[in-house]
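The values are calculated or read from the model by the stated rules, or taken from the named source; none is laboratory data. Computed from a prediction, not measured in an experiment: that's the story for all the values here. Virtual Cβ from ideal backbone geometry, glycine too; neighbours counted across all protein chains shown. The area values use the complete protein model at the heavy-atom level, side chains included, leaving out ligands, DNA and RNA. Shrake-Rupley method; radii C 1.70, N 1.55, O 1.52, S 1.80 Å.
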Amino acid sequence: MVAELHDHPLLQPDAGLDTTAYVTLARRVLGGDPGLGPGLYYVSPLYIYFLAAAWGLLGSFTAVRVVQALLGAATVFCVWTMARRWGTPRAGAIAAILAAGCGVLAFHEVVLMQSALDGILTAAALTALTLALSRAPDVAPTRGDARRAFSATDAWLLAAGAIFGLQTLNRPNVLAGVVAVGLALLQRRRLRAGVLLAAGVFAALLPVAARNVVVAGQWSLVSSHGGLNFYIGNHAGATGLYDPVPGIRPEIEGQIEDTRRVAEAATGRRLSDAEVSDYFFARGTQWIREEPAAAARLFLRKLALAFHGDHLALPHSYAFFAGDARTLLRGLVLNPWFVMPLGLAGLVFAAPRDRRREFLVWAAFVPGYAAGLALFFVAERYRIPLFVPLYVGAGLLIDRALAIVRTPRAWRLHRAWIAGMTAAVALAFALVNWPFALADSREGDRLRMVVFEAGRGRFDEAERWAARAIQDSTRPADVRARAGAILLRADEPARARPYLEAASAAYRGRRADLAVDLADARHRIGDPDGARAALAALDPATIDDARLLVRAGRIAGLAKDAALAAGLFEAAVRAAPTLADGWAQLGFTRLAQGRLADAERALREATRLAPADALALGGLSACVLNQGRLEEARTHALAALALDPAEPVARQVLEAIGRAAPTGPGARRSRR
C-alpha cells in the first residue's frame, strides 16, 4: 500500500484536513516547541509526538508510512496471539488471515493521521489483557489476595492499562471500553485486577494532564475538542455522522478559531479552551434533556452505524482509494460487512468453555467502546478499535464451526449450537448490511480531487471529477453547490455558474451560502442584474453567519445596489456586534449614500473594535471631512497613514485638506 499511495495528492502533508494539522504540530515539536502551548491540545496528542519522532529520525514521510505498515503487521500478529490464546492454533491462523485481508486496516496504515496507530494500540492492549486473564482461571479473591506478591499476571494487567492509556491519548473514546472492562472485572470480584488496570491507564495519562496544567494552566486529561464532537453528534439536526456545524469551518484550524468565536459571542466573555469545549458540551446535553426520545433514537442509530457494513468516510474514503485510485485495496475485501457479523456472533457463540468468565471480561471492550463512540458521532476510522477484537471473535467462530463439522455425529450432538449460531450470523449479516440511506463515501475525496485539479489549472479534469461525484451522489444538489464553490474560489466564475444555478434551483432559496456564491459568480462574469436578483432572494433576518452577510453586502455594493448592501451589513452587525469589518462596511456604504451621521457612527465603532484597521480610519477621516471638521479629519488620516503609509483614502483626505477643499474624497470608495 505504501508503494501505491505514498505519492497520492490527497494524502500529502500539504493536502489539508487532519494530515496537515498533524504535520504542522509535529514540525513545531521538532523545531523546539515540545509543549505546543499556550492552550490545551486541540487534537489528540499522541500521534503528534509519534510523527515527530519517526519523521525526525527517518527524515521522510514515506519512511514513516513504512513504519506504520510494520505496526500494521504487528497488529495481525497480536490478533493471531489472542485468537490462539482464547481458542486453538487454528483459530489464531484463521483470525490472522482475516485481519490481513482487511483493506480498511491496510489503508489507515498509509495515512498520516492518528488512525494509523489505532489498530496496533488496541491490539497490544487487548493482547496484554488476554495474557493476564488467560493465565489462570478466574477465582474469587482470598483474604490475603491484596497482599500477595506482584506476579506476571499483575504485570500484564498494568501493561494493558498503560497501553489503553496511550490509546486514550490517541482515541479518547477508548476510555469507555476500558471502563467497561474494569466494571466487568469488579463484577467478577477482581478488585486487584481492576485497580492495576486503572493504575496503568492513569500512569499513561498523567504526563499529558501535567502538561495541560503547566503549559495551559487548565485541568484536562487529554484535549479540548471533545465538546464540539459531542455537539456534532447530539443536536436537533444530527445524523450520527460528521456534519459541519454552521459558522464553524470543517477543518482543524477553522474549528480552533470558530468554536472560540461562536462560544464567546454566545456567552459575551472571553473563555479558556476548556470553557469553549464545555459550552458545546452544554449545548448537546441541553438538547438531550429537552428531546430525550429523539436523543435515544439517535443514540440507537449511532450504535447501529458503529457496526454497519458500509464505509463511513472521514475525511478519506476507503472506497475511493480502492476503486477510483485502482489500488490493491480492491483485493482486500474482508472489511466491516464481513467482520462485524461474524465477529459479534463469535464473541457470543465461540467463547472458550473453560475460561468463559475471563473471556467475557475481555470482550466487554466491544460494547463499551461502541457505546463511547455512539455518545459522539461515528466514522470509519473511529471504528478501527472494534475491528481488532471482532477479527478474534470471527476466527474463534470459524474454528469452532470447522471443529464441529469434523466431529462424527456433529449435527446431532450440536444441533442447538448450530441453530443458534446460524440464526445469529444471519441476523447479524442482515442488520450490519441494512441499507441505510448514506451518502456515497467517495464523494468527499472526489470533490477534493476537484480542488486539487483546479489548483493546478486543469479545469477540464476538475470538472470530470465533479461529474463523477454528482453522478453517484445521493444529494447531487449539494455536490453541485460544492463543486461550484470550488471553481469560484479558483477564479473560474463562468465554469462555476452552471453548477451554482442548478443547485440553487434545487434548493429554492433555502441555502444562503449558495445564493451568495451564485451572486458572486454572476457579478464576476458581468451580470450585475443576476447578482442583485440572487441577493434579493435572501432573508437577512434568518442568517446568523455575519461573515457571509458581509460578503453578500460587498457583492451588492459592487453590483451598484447601495440600499441592498446597507441592509445586509446592518444584518451582519446585528448578528455579530463585535465584527469590526461589518461596521466598517456599513460605514462606507452609508458614506456613499451621503448619510454622514450614520456613517460616522458605524466607522467609529469599527475603529473602536479594530484600532489597527487603517482603511476604517481613512473612511472615518473622509466622513468627518465631509462634515467640515478639517482638523479631526487630519488627525484620523495621519493615524491611518501611520498604520499603512499607502492607505489611499487617508492620502486623498490630506490632499483635499491641503487644497482647502473638503469635498469628501473617497466618499464612494467601497472596500472589497
Single condition Leu303 does not satisfy, out of (1) under 30 Å from Asp399 (Cα atoms); (2) open to solvent by less than 20 Å² (accessible area, probe 1.4 Å); (3) not β-branched (Val, Ile, Thr): (2)
Failed item, numbered, when His235 is tested on (1) modelled with pLDDT of 90 or more; (2) surrounded by 14 or more Cβ atoms within 10 Å (Cβ to Cβ); (3) farther than 28 Å from Ala379 by Cα: (3)
Meets criteria (under 25 Å from Arg190 (Cα atoms) and crowded, with 23+ Cβ neighbours inside 10 Å) for Leu390: yes
Residue in region 279-287 that is touching a residue at least 60 places away in the same chain (Cβ under 8 Å) and either closer than 30 Å to Gly217 by Cα or over 20 Å from the mean Cα position of the chain (by Cα) (or both) present: no
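Identify the residue in region 1-55 that is of a type in the set (A, V, I, L, M) and free of Cβ contacts under 8 Å to residues at least 12 places away in the same chain and, among all such residues, is nearest to Asn229 (Cα to Cα). Can you show your working first?
So the first thing to find is which residues in region 1-55 are of a type in the set (A, V, I, L, M), and the list is 1-3, 5, 10-11, 15, 17, 21, 23, 25-26, 29-30, 36, 40, 43, 46, 48, 51-54.
In the following step, the residues that additionally are free of Cβ contacts under 8 Å to residues at least 12 places away in the same chain were identified as 3, 53.
Details: Ala3: 34, Ala53: 28 Å.
Among those residues, the one meeting the criterion is Ala53.
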Residue list for region 613-633, restricted to those being over 43 Å from the mean Cα position of the chain (by Cα) and within 15 Å of Glu600 (Cα to Cα): Ser621, Ala622, Cys623, Val624, Leu625, Asn626, Gln627, Gly628, Arg629, Leu630, Glu632, Ala633
Complete set of residues in region 146-171 that are closer than 28 Å to Arg383 by Cβ and either without any contact (Cβ under 8 Å) to a residue 60 or more places away in the chain or open to solvent by 50 Å² or more (accessible area, probe 1.4 Å) (or both): Trp156, Leu157, Leu158, Ala159, Ala160, Gly161, Ala162, Ile163, Phe164, Gly165, Leu166, Thr168
Count of residues meeting criterion [in contact with a Lys or Arg (Cβ under 7 Å, 6 or more places away or on another chain) and acidic (Asp, Glu)] in region 556-576: 1
Residue under evaluation Ala606, criteria (1) hydrophobic (A, V, I, L, M, F, W, C); (2) open to solvent by less than 10 Å² (accessible area, probe 1.4 Å); (3) touching a residue at least 40 places away in the same chain (Cβ under 8 Å), criterion not met: (3)
Of residues in region 56-71 being in contact with a helix residue (DSSP H, G or I) (Cβ under 6 Å, 6 or more places away or on another chain) and in contact (Cβ under 8 Å) with a residue 60 or more places away in the chain, the one nearest to Leu25 (Cα to Cα): Arg65
Count - residues of region 88-125 that are assigned to a loop (DSSP other than H, G, I, E, B) and open to solvent by 30 Å² or more (accessible area, probe 1.4 Å): 2
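Is at least one residue of region 459-466 open to solvent by less than 60 Å² (accessible area, probe 1.4 Å) and outside any helix (DSSP H, G or I)?
Within region 459-466 (the criterion being open to solvent by less than 60 Å² (accessible area, probe 1.4 Å) and outside any helix (DSSP H, G or I)), the answer is no, since none of the residues qualifies.
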Pick from region 238-278, criterion open to solvent by less than 30 Å² (accessible area, probe 1.4 Å), free of Cβ contacts under 8 Å to residues at least 40 places away in the same chain and in contact with a Lys or Arg (Cβ under 8 Å, 6 or more places away or on another chain), ranking: nearest to Ala379 (Cα to Cα): Asp258
Test: residue in region 312-328 that is under 30 Å from Ala3 (Cβ atoms), surrounded by fewer than 23 Cβ atoms within 10 Å (Cβ to Cβ) and free of Cβ contacts under 8 Å to residues at least 24 places away in the same chain: yes
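Per-residue answers, yes or no, for (1) farther than 18 Å from Ala597 by Cα; (2) among the aromatic types (Phe, Trp, Tyr); (3) modelled with pLDDT under 85; (4) not in a loop (DSSP other than H, G, I, E, B):
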| site | (1), (2), (3), (4) |
| --- | --- |
| Gly628 | no, no, no, no |
| Glu632 | no, no, no, yes |
| Thr635 | yes, no, no, yes |
| Ala639 | yes, no, no, yes |
| Ala642 | yes, no, no, yes |
| Ala656 | yes, no, no, yes |
| Pro662 | no, no, yes, no |
| Pro665 | no, no, yes, no |
| Arg669 | no, no, yes, no |
Selection count, region 162-200, where residues are over 25 Å from the mean Cα position of the chain (by Cα), farther than 18 Å from Phe150 by Cα and among the β-branched types (Val, Ile, Thr): 1
